[in-house]
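Scroll down for the structure; my scribbles are underneath it.
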Amino acid sequence: MNKKAYSTETILANLNIDALNEMQLAAIEANKSHQEVILLSKTGSGKTLAFLLPVLDLLDKEINKTQAIIIVPSRELALQIEQVFKQMGTGLKVTCCYGGHLRETEENNLVQPPALLVGTPGRLADHIRRGNITVDSIKTLVLDEFDKSIELGFLEEMSFIIGSLPAIDKRILTSATEAVEIPPFIGLQQPLKLNFLDGEADEPNKLAIKMVLSEEKDKSDALFRLICFLGDRSTLVFCNHREAVERTSELLTQKGIYNEFYHGALEQQQRDSALAKFRNGSTNLLVTTDLAARGLDIPNIRYIIHYHLPHTEDAFTHRNGRTARMDASGTAILLLSEEEKLPDYISPEPERIDLPEKPELPAKPKWTTLYIAAGKKDKVNKIDVVGFLSNKGKLKKEDIGLIEVKDFFSFVAVRKTKLGAALELIKNEKIKNKKVKIEVAR
């Protein structure tokens, strides 16, 4: 018997959610009576909770072994699921495994097996090969955004992981597209498919699609003028390649547009830093590859700019899924040169935006991000960071913005006008009785 010390009402209150949506309720019901469920629903619709609640129902607090595993295509998605599960407040242990940081940290976390394990295919396969995961006790398997894992070429690792789990009797798969064939090694026999993609087009569309025509083949000037026209609202600019991301970011910087860039070849700390700055308002513009099209937990993105046309309709849909989420509205803008044609899947032709000839630079962000070389493993939490900056840096509550504490470092937004004085005051001070490096995040 699963001994629960929580209720759905308590979990929703912990997550600041008023009520479950139709898709989430349907997923919970389906999982009560079916051992194999495929959930299709668009990005941003709340799929994480739609599988975490059924998984939670199958976890027993009395069993001190790993009972469920969630395989995801990216470290950002893994971290997001871990964060949601922790916020649910069940008291059950969750461990997150992904490449780009020390494996030893995860090995230490796995010494006492977590009830729930979340991770990317490569790192999970590595831990299984090293004997760090108690595979015999895992009965529940979730493949979140399984289509993306397949698209990114993780078939071999996923096949190895699933083949190493002898006791699986529950399988949940989620995707935001129907286009991908499910490989036999996943072991589905008679899955129930919940398709919430159908009919979503009939919902009132909060996403507006517009376009801008560049008079030149090089669209960088048109991009600059478009960003000036949109102002200082939260904006994602999508490019198709990492080199283009960095080149575009640099061109915008030279023109006086403050921005950050983000792609898969960056070190984990660089990725975390770019996302922290974008989330906390230290920058309102993130130039990125399709890596940011899924799994990123960034609320209130107002504009999506397709600087490069996406290769497929699916990619277009996923990029646009970063905005107009839940009850918010948003705008996707295609930037086309005269030689580029509107893709067939975009119909009718979007409304054209005419840009003013004389651009005005957007207002600069009011926040700057501080990097603190201490985190959870140093027993530092958000309250410690606030206390340190208030007491030693003489900052008021309203001068401290969003704080993100990682395993070995932290990021905190500080009001720009107060930054210089605060840095001067804290430069020789200790946090948790330890002198650590504190600087403006790069």
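The values are calculated or read from the model by the stated rules, or taken from the named source; none is laboratory data. Predicted model only: the values in this text are computed from it and were never measured. Positions of Cβ are backbone-derived with ideal geometry, glycine not excepted, and every protein chain shown enters the neighbour counts.
Check the range 337-349 and report whether any residue there is touching a Pro at 6+ places or on another chain (Cβ under 9 Å) and in a loop (DSSP other than H, G, I, E, B). For the range 337-349, residues touching a Pro at 6+ places or on another chain (Cβ under 9 Å) and in a loop (DSSP other than H, G, I, E, B): present. When Glu360, Glu349, Glu398 are checked against the criterion of being touching a helix residue (DSSP H, G or I) at 6+ places or on another chain (Cβ under 7 Å), surrounded by fewer than 12 Cβ atoms within 10 Å (Cβ to Cβ) and acidic (Asp, Glu), Glu360 stands alone in meeting it.
Restricting His308, His318 to residues that are over 18 Å from the mean Cα position of the chain (by Cα) and closer than 18 Å to Asn240 by Cβ narrows the list to His308. Scanning the range 35-53 for residues that are in contact with a strand residue (DSSP E or B) (Cβ under 7 Å, 6 or more places away or on another chain) and either under 22 Å from Lys93 (Cα atoms) or modelled with pLDDT under 95 (or both) yields Leu40, Lys47, Ala50, Phe51. Could you check Glu151 against (1) modelled with pLDDT of 90 or more; (2) within 22 Å of the chain's Cα centre (by Cα) and say which number it fails? Every condition holds for Glu151 apart from (1).
Residues in the range 394-432 that are in a loop (DSSP other than H, G, I, E, B) and either in contact with a strand residue (DSSP E or B) (Cβ under 8 Å, 6 or more places away or on another chain) or closer than 29 Å to Gly100 by Cα (or both): Leu395, Lys406, Asp407, Phe408, Phe409, Lys427, Lys430, Lys432.
Screening the range 34-108 for strands (runs of 3 or more DSSP E) wholly inside it with 1 or more residues that are under 19 Å from Met158 (Cα atoms), out of contact with any His (no Cβ under 6 Å at 6 or more places or on another chain) and of a type in the set (Gly, Ala, Ser) returns the ranges 68-71.
Filter the range 250-272 for residues that are of a type in the set (S, T, N, Q) and out of contact with any His (no Cβ under 7 Å at 6 or more places or on another chain) and give the result.
If the condition is that a residue be of a type in the set (S, T, N, Q) and out of contact with any His (no Cβ under 7 Å at 6 or more places or on another chain), then Thr253, Gln254, Asn259, Gln269, Gln270 are the ones that fit.
Mind telling me which of the residues Arg130, Arg123 ends up being modelled with pLDDT of 95 or more, crowded, with 17+ Cβ neighbours inside 10 Å and either out of contact with any Leu (no Cβ under 6 Å at 6 or more places or on another chain) or among the charged types (D, E, K, R) (or both)? Being modelled with pLDDT of 95 or more, crowded, with 17+ Cβ neighbours inside 10 Å and either out of contact with any Leu (no Cβ under 6 Å at 6 or more places or on another chain) or among the charged types (D, E, K, R) (or both) holds for just one of Arg130, Arg123, which is Arg123.
Select from the range 337-391 the residues that are hydroxyl-bearing (Ser, Thr, Tyr) and within 24 Å of the chain's Cα centre (by Cα) and list them in ascending order.
Correct list: Thr368, Thr369, Tyr371.
Among the residues of the range 408-418, is there at least one that is more than 28 Å from the chain's Cα centre (by Cα) and not charged (D, E, K, R)? Talk me through it step by step, then tell me what you get.
Our first condition is that a residue be more than 28 Å from the chain's Cα centre (by Cα); within the range 408-418, this holds for 417-418.
If we keep only those that are not charged (D, E, K, R) too, we end up with 417.
For the range 408-418, residues more than 28 Å from the chain's Cα centre (by Cα) and not charged (D, E, K, R): present.
Just need a number here: residues in the range 145-159 that are part of a helix (DSSP H, G or I) and aromatic (Phe, Trp, Tyr). Working first, answer last.
Start the filter on the range 145-159 by keeping residues that are part of a helix (DSSP H, G or I), which leaves 146-151, 155-159.
Adding the requirement that they be aromatic (Phe, Trp, Tyr) leaves 146.
Of the residues in that region, 1 qualify.
Looking at Lys418, Lys392, Lys406, can you tell me which residue is under 23 Å from Thr105 (Cβ atoms) and surrounded by 13 or more Cβ atoms within 10 Å (Cβ to Cβ)? None of the other options fit; the residue is Lys406.
Results for (1) over 18 Å from Leu53 (Cα atoms); (2) touching a strand residue (DSSP E or B) at 6+ places or on another chain (Cβ under 9 Å); (3) polar (S, T, N, Q), shown as yes or no for each residue.
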site	(1), (2), (3)
Gln87	no, no, yes
Val94	no, yes, no
His101	yes, no, no
Glu106	yes, yes, no
Asn109	yes, yes, yes
Pro114	no, yes, no
Arg129	yes, no, no
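Output the residue which, of all residues in the range 173-187 that are surrounded by fewer than 16 Cβ atoms within 10 Å (Cβ to Cβ) and among the aliphatic types (A, V, I, L, M), is farthest from Leu155 (Cα to Cα).
Let us first name the residues in the range 173-187 that are surrounded by fewer than 16 Cβ atoms within 10 Å (Cβ to Cβ), namely 178-181, 183-185, 187.
Going one step further and asking which of them are among the aliphatic types (A, V, I, L, M), we end up with 179-180.
On the way: Ala179: 16, Val180: 13 Å.
The residue in question is Ala179.
Scanning the range 69-115 for residues that are among the small types (Gly, Ala, Ser) and within 23 Å of Leu291 (Cα to Cα) returns Ser74, Ala78, Gly99, Gly100. In the set (1) in contact with a helix residue (DSSP H, G or I) (Cβ under 8 Å, 6 or more places away or on another chain); (2) assigned by TED's automatic domain parsing to the domain that holds Phe229; (3) not small (Gly, Ala, Ser), the condition left unmet by Lys341 is number (1).
Ile70 - would you say it is more than 12 Å from Asn14 (Cβ to Cβ), hydrophobic (A, V, I, L, M, F, W, C) and either surrounded by 24 or more Cβ atoms within 10 Å (Cβ to Cβ) or in contact with an Asp or Glu (Cβ under 8 Å, 6 or more places away or on another chain) (or both)? Spelling it out, Ile70 is indeed more than 12 Å from Asn14 (Cβ to Cβ), hydrophobic (A, V, I, L, M, F, W, C) and either surrounded by 24 or more Cβ atoms within 10 Å (Cβ to Cβ) or in contact with an Asp or Glu (Cβ under 8 Å, 6 or more places away or on another chain) (or both).
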